[in-house]
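The structure appears below as structure tokens.
Derivation of every value follows stated rules applied to the coordinates shown; laboratory data play no part. This one's a predicted model, so the numbers in the text were calculated from it and none came from an experiment. With ideal geometry, Cβ positions are generated from the backbone for all residues, glycine too; neighbour counts draw on all protein chains shown.
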Amino acid sequence: MEKPTLVLCPGLLNDAALWRHQIDGLAEMARPLVADLTVADTIAGLADAVLAMAPPRFALAGLSMGGYVSFEILRRAPERVERLALFDTSARPDTVESRQRRLDMIDIARRGGFAKLPPQILAGQLHPEHLKDERIAGVALAMADRVGAEGFIRQQTAIMSRPDSRDGLASITVPTVVVCGRQDSLTPPEIMREIAAGIPGARFVLVDRAGHLTPLEQPQATTALLQYWLQS
């Protein structure tokens, strides 16, 4: 029996390293492919890029910005997605305040100040204990360095113009798991519960001692969740 393809969509300033434990831990039961979410400055353009690189049918997992792209993929090609996993994301559009913060950060990056932004962003993403853990914070900062200023600008431009995905939740019919770090302050549990409540039959899971980057902060728990999800 052929292994299913698992398309993994990372978040802002993330790359494949976000999913390293899952890529290794799921290799016997799936073929993981990590999407590059730096190649366009719109959510629609990123969704098209993922669909172009993916096989005709695939399982889909997205974190944060990767969740926004996942919703767009489901709007464009729902018949291609076999199952869905959403981590630390939101179905809501950007707020006026968030949009302004993104514009301010884009301005800093364009003026050569990108290097000081990842530590500031990371401080709001990770569980406080993990900010001091080089195995976690170091990986996150290295990912940001690889994404770079231009990739960051494209990502922020895409994120702040994302559509409202709440109306489409009820039309998602594939097996879905919605996962949130219990200490996620960016997309907290109530935001994630809203998603799970809107998707018929979705399972909601809270992961302890995790902030916004659950697959990196609690890799074993995340891999176990995805193993169960792939087999369900």
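Each part reduced to its alpha carbon centroid, region 104-128 and region 177-210 end up 25 Å apart.
Full extension of the segment from Glu129 to Asp107, taken as 0.36 nm per residue of separation minus the current Cα-Cα distance, would add 4.9 nm. When a/c is below 1.5 the answer is rounded, else prolate if a/b is larger than b/c, else oblate, so apply that to region 153-205 with a ≥ b ≥ c taken from the square roots of the Cα gyration tensor eigenvalues. Because a/c hits 1.5 or more and a/b fails to exceed b/c, region 153-205 counts as oblate. Name the residue farthest towards the positive end of the dipole of region 181-231 from the options Gly211, Met192, Tyr228, assuming +1 on Cβ of Lys and Arg, -1 on Cβ of Asp and Glu, about the Cα centre. Of the options given, the answer is Tyr228. Modelled spin-label separation between Tyr228 and Arg57, with each label point placed 7 Å from Cα along the Cα-to-Cβ direction: 2.5 nm. Neighbour counts of C-beta atoms inside 10 Å place Glu129, Glu72, Glu2, Glu134 in the sequence Glu2, Glu134, Glu129, Glu72, starting with the fewest.
Helix-only arithmetic for the chain: the sum of -39500 (n - 2.57) across DSSP H runs with n ≥ 4, divided by the residue total, places the mean residue ellipticity at 222 nm at -13500 deg cm²/dmol. Relative to the longest principal axis of the Cα atoms of the chain, the long axis of helix 96-110 lies at roughly 60 degrees. Shape call for region 1-81 from the C-alpha gyration tensor, a ≥ b ≥ c root eigenvalues: rounded (a/c under 1.5), prolate (a/b greater than b/c) or oblate? Oblate, because a/c is 1.5 or more while a/b does not exceed b/c. Placing a pseudo-label 7 Å from each Cα along the Cα-to-Cβ vector at Glu28 and Glu82 gives an inter-label distance of 1.8 nm.
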